[in-house]
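See below for the structure under consideration.
What follows is calculated from the coordinates using simple rules that are stated; it is not laboratory data. Not measured: the values here are computed from a predicted model. As a convention, Cβ positions derive from the backbone with ideal geometry for all residues, glycine included, and neighbour counts pool all protein chains shown.
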């Protein structure tokens, strides 16, 4: 008669099983997390593409259909340091309508200068940079507006998440990175570039329309 082995699992065997379970669990978590991250990035891309295509088509189709006769840049301010921009383009149509395209890009300050941090200069010790009063620090503001001047329709850029700066102001993940506006005798050209930490600066809006064509 065979003798039964009732010793059970040893401590080493239990430890090996535990290690295997941990390895499998970590591997599965990494795979699922990576898949979810890819899904999220694809969803971000789709939202940007939808926004870009709808806005570009609406403005371009409207300008071409009504016939853009003249285009004039009445305001175009770009801060080379922060990238903040404020642009207004007034356009006269062949049917007598007057339409405006407005682009606003105002970023919340990402950091503050500590007044205790000083730097030595020929004129004595000075703060390392400008000290920004709390009242000057606001949430990010990114907006494109288009329509009859004074009654434009607002097109806020997609909200793809946000965070807070040290003063509690909102910083959006998707931001207007740069604005380029140009009006030549026969062509209106507008470019609005986006930035997102996961997507870089690959995406933007191009509006190109012949003038008085």
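Side notes on the structure shown:
- Each of 102, 138, 45 has some number of other Cβ atoms within 10 Å of its Cβ, and from fewest to most they run 138, 45, 102.
- Taken over the alpha carbons of segment 142-205 as equal point scatterers, the Debye sum produces base-10 log I(q)/I(0) values at 0.14, 0.16, 0.23 Å⁻¹ of -0.55, -0.68, -1.06.
- Remark on segment 173-213: Rg and Dmax equal 12.8, 41 Å (Cα only).
- Taking the C-alpha atoms of segment 43-86, convex hull volume expressed per residue in Å³: 90
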